[in-house]
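The next block holds one structure in the form of structure tokens; read it before the comments.
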Amino acid sequence: MKLVRFGEPGAERPGLVDKDGRIRDLAAHVQDIAPDLFAPPILDRLKAIDPESLPLISENVRLGVPVAGIRDIFAIGLNYCDHAAEAGMALPGEPVLFSKATGSLSGPNDPVVLPPGAVKGDWEVELACVIGTAAHHVQESEALAHVAGYLICNDVSERAFQLEGTGQWIKGKSADSFCPLGPWLVTADEVPDPQNLKLWLDLNGERMQDGNSADMVFGVAFLISYLSRFLTLKPGDVITTGTPAGVGMKRGRYLRSGDVMTLGVERLGVQRQEVRAYSA
Ligand code: ZN
């Protein structure tokens, strides 16, 4: 099942995507796509709904963040062998964990706005998962059972803010619009193997990133198990799992107003963002 939220910012409605790729209105069944839906019995009840019975929505509608009420966004750095190599960094011995502020969340096709003073805006296509049931000290073998679904994350970054001052990466990862998610949440049953998904990103139509989640240093199951040693993962938490090679930092090409990023992950759809300069 592909769950989606559509409508203007702050007024999104719940929906699902049918087998023909059309959006259907789920409002007769649920108030919103929110973490309380991810309890397995509720999710099973949703999956039993016949999409044909739901009203069709206009194709031109805006899409929002596919899950309302996300409380934490955890991110993993240097998690692809080829990206660690291009960054000139050794493969990490354990996951490099950082977070993004939830204020950075935006719809999958909303503009990315470079914040005041930004000079090194950059792109990172990533596979992200959304936690469905709380996970605390879980084994790697049990970890994927805690995933509600998967979606695309563009882990937009400002490299000067991230790397050239003091302190933590969160500064360069958290500007408004720096975390487009979606277009939809694909429930975990439709992604039997998260470690075999192609992912790619084009800038103005030119391929910048072209990877496969098979090349992750630490897979999704390990990451969930690892994080759960230090904190309790809650329903609705997002873990974005790192990016393959091809980021702007290594190409000497940073985001400019007017650029268009198009990015996809196999099975999870496509995002498209126009880049804009900040205006007060
Ligand atoms: Zn990243």
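Spin-label pair E94-R229: with each label point 7 Å from Cα along the Cα-Cβ axis, the two points sit 0.4 nm from one another. Note on F74, F98: ascending count of other Cβ atoms within 10 Å places them as F98, F74, the fewest first.
From the P(r) of the range 149-280, can you give the percent of Cα pairs sitting at distances over 25 Å? Considering the range 149-280, 29 percent of its Cα-Cα pairs are separated by more than 25 Å.
Here the simple spin-label model places points 7 Å from the Cα toward Cβ, and for E274 and D44 these points are separated by 4.6 nm. By the count of neighbouring beta-carbon atoms within 10 Å, fewest first, L37, L97, L181, L163 end up ordered L163, L97, L37, L181. The alpha-carbon of K234 sits under 17 angstrom from the alpha-carbons of these lysines, leaving out residues fewer than 8 places away in its chain: K100. Using only Cα coordinates, the Kirkwood hydrodynamic radius of the chain works out to 18.8 Å. Net charge dipole, the chain: roughly 520 debye, given to the nearest 20, about the Cα centre with Cβ charges of +1 for Lys and Arg and -1 for Asp and Glu. Placing pseudo-labels 7 Å out from each Cα toward the beta carbon at R253 and A134 gives an inter-label distance of 4.7 nm. Computed with the Debye formula from one identical point scatterer per Cα of the range 184-237, without solvent, the log10 of I(q)/I(0) at q = 0.20, 0.24, 0.28, 0.29 Å⁻¹ comes to -0.93, -1.06, -1.11, -1.13. If R0 equals 22 Å, the separation of the Cβ atoms of R22 and D189 corresponds to a calculated FRET efficiency of about 0.60.
Values quoted throughout were computed directly from the atomic coordinates according to the rules given, and no laboratory measurement underlies them. Note that the structure is a prediction, hence the values are computed from the model and not measured. Cβ sites come from the backbone with ideal geometry, for glycine too, and all protein chains shown count toward neighbours.
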